[in-house]
Amino acid sequence: MLATTIDHIPPPQACPGGCRYEPKFDGFRAVALVDEDGAVHLTSRRRTRFNDGFPEIVAAAGEQLAPGTVLDGEIVRWGDDGRLDFGALQRRHVAGRRRAEFARTEPCHYVAFDVLESDGADLRPRPLRERRTVLEALLGDAPPSARVILTPQTADAGEAELWFDAFAAQGVEGLVVKDADGAYLEGRRRWWKVKRRITTEAIVGGVTGTRQAPESLILGRYDTGGRLRVVARTTPLPPAARTSLAEVLRNAGPDHPWPAELPAGFAGGPYGSHPPIRYVRTEPEIVVEMSADAAVERGRWRHAVRFVRIRPDLGPDGVPMFGA
């Protein structure tokens, strides 16, 4: 099952069978399957194998789950500060021989939010409320030290709103909203997700397309050493924004601090998964307001941000510093 983004927390009656609300954790989506022989298979939705990257979760699933169990959930890492650390997951995924070391020094959890099979029985056609009962029976009594744990769920929209605010301090992105009567439909977008968004400012350092017809913006902020750092890329600009930005942006001079191409990871997504970003550098003098979710890693937004408006009242010195 997949989720469609909405911009508000819906009331319980918005779902035919009543809404159920769960935290939206920032991690690696994964299916945990324990086969009839007790072997654990941990994979992404695209069938990428996670067993080697997260051996502590594989071991825990083998201990906590009976053969014939299939769970859907999220691999997460809580840092020492209590916040979710997506960077630790990325390090683990490409760590090679250091994976075993990271499993000891940066252990992860598997947060289960659905059960697809139990004792070999296919539960996908069953309503969420029944699957949740089975999932609670499987994991509800797990000790605090368990690596495979159950996600919280509530039917109370007021409590969900409290979660939306309170869990933000832990790096939780928002909420997932599900129909209590809904079956589990592979690959279908029948859930909703509500992400926490902020509005802030950044400096335009480049554009995709051309300066006269920009398609998206490459945004930056200055760090404490006075260096302009890439922080985000926008979603495609609406036509009116392209026109207004073309009127104020200027092609950069030879002292622009960024290279002619940027790594794909600078636009969100794993490094190396896409070709480098080809763009046109512009003079870093125009400030824009952007709307972004809370997924920030090492000072950069991992997901594309939305252009809101030009801020002619602000200069680059009025923009928050890199990492703020």
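Each reported figure results from applying straightforward, stated rules to the coordinates on display, with no laboratory input. Just so it is clear, the model here is predicted, and its values are computed rather than measured. Every residue, glycine as well, gets a Cβ built from its backbone with ideal geometry; the counts of neighbours run over all protein chains shown.
For 218, 286, what's the fewest-to-most ordering of other Cβ within 10 Å of each Cβ?
Numbers: 218 26, 286 20.
Least to most surrounded, the residues fall as 286, 218.
Under 5 Å between amide H atoms, partner at least 5 residues away or on a different chain: which partners does residue 277 have, H built in plane at 1.01 Å?
Amide H to amide H, under 5 Å and 5 or more residues apart or across chains, residue 277 pairs with 262, 264.
So if we plug the beta-carbon distance of residue 190 and residue 255 into 1/(1 + (r/R0)^6) with R0 = 45 Å, what FRET efficiency do we get, rounded to 0.05? All intermediate terms of the calculation are to be shown ahead of the outcome.
On the way: r = 52 Å, r/R0 = 1.15.
Efficiency at R0 = 45 Å is approximately 0.30.
Label point 7 Å out from residue 244 along Cα-to-Cβ: which residues of the stretch 286-324 have amide N under 12 Å?
Zone members listed by number: 288-290, 307-313.
May I have the extent of the alpha carbons of the stretch 197-318 along their three principal axes, as whole Å values ordered from largest to smallest?
Computed over the Cα atoms, the extents are 34, 33, 30 Å.
Apply the Karplus parameterisation 6.51 cos²θ - 1.76 cosθ + 1.60, with θ equal to phi minus 60°, to every residue of the stretch 134-151 and state each ³J(HN,Hα) to the nearest whole Hz, in sequence, with x for glycine and proline.
5, 4, 5, 5, 6, 10, x, 9, 4, x, x, 7, 5, 8, 9, 10, 9, 6
Using the Kirkwood formula on the Cα atoms of the stretch 96-169, what hydrodynamic radius do you get, in angstrom to one decimal?
Working: mean 1/r = 0.0671 Å⁻¹.
The answer is 14.9 Å.
Using only alpha-carbon positions, what ratio does the radius of gyration of the stretch 150-235 give when scaled by 2.2 N^0.38 Å? Present the calculation step by step, with values, prior to reporting the outcome.
Working: Rg = 19.2 Å, N = 86, 2.2 N^0.38 = 12.0 Å.
Cα-based Rg divided by the globular estimate yields 1.61.
What value in Å³ per residue do you get for the convex hull of the alpha-carbon atoms in the chain?
Working: hull volume 50.0 nm³, N = 324.
Here the figure is 154 Å³ per residue.
For helix 55-64, what angle does its Cα long axis make with the longest principal axis of the chain, in degrees from 0 to 90 and rounded to 10?
30 degrees
Name every cysteine in the chain that ends up alone, with no second cysteine's Cβ under 4.7 Å, or say none.
Here 108 come out as lacking a disulfide-compatible partner, given the Cβ-Cβ threshold of under 4.7 Å.
How fast does the stretch 2-195 diffuse by Stokes-Einstein, in µm²/s, taking the Kirkwood radius from C-alpha pairs at 4 °C and 1.567 mPa s? Mind dumping the intermediate values first?
Details: Rh = 17.1 Å.
D = 76 µm²/s.
Using θ = phi - 60° and the Karplus curve 6.51 cos²θ - 1.76 cosθ + 1.60, what whole-Hz ³J(HN,Hα) does each residue of the stretch 20-31 get, with Gly and Pro shown as x?
10, 10, 9, x, 9, 7, 9, x, 9, 5, 8, 9
Pairing the Cα long axis of helix 239-248 with the longest principal axis of the chain, what angle in degrees results, from 0 to 90 and rounded to the nearest 10?
Tilt of helix 239-248: around 40 degrees.
Just grab the label-to-label distance for residue 105 and residue 285, each label 7 Å out from Cα along the Cβ direction, in nm (one decimal).
For the pair residue 105/residue 285, the computed spacing is 4.7 nm.
If R₀ is 25 angstrom, what is the calculated FRET efficiency for the pair residue 133 and residue 13, using the beta carbon separation as r and rounding to 0.05?
The value I calculate is 0.70.
Under a plain spin-label model, where a point goes 7 Å from the Cα along Cα-to-Cβ, how far apart in nm are residue 165 and residue 29?
For the pair residue 165/residue 29, the computed spacing is 3.0 nm.
Given R₀ = 35 Å, what would the calculated FRET efficiency be for residue 5 paired with residue 97, taking r from the Cβ atoms and rounding to 0.05? Don't skip to the end; give the middle numbers.
Values: r = 38 Å, r/R0 = 1.09.
According to the calculation, E is roughly 0.35.
5 Å is the cut-off here: which amide hydrogens, built 1.01 Å from N in the peptide plane, fall below it relative to residue 27, excluding neighbours closer than 5 in sequence?
Under 5 Å from the amide H of residue 27 lies no amide H from a residue far enough along the sequence or on another chain.
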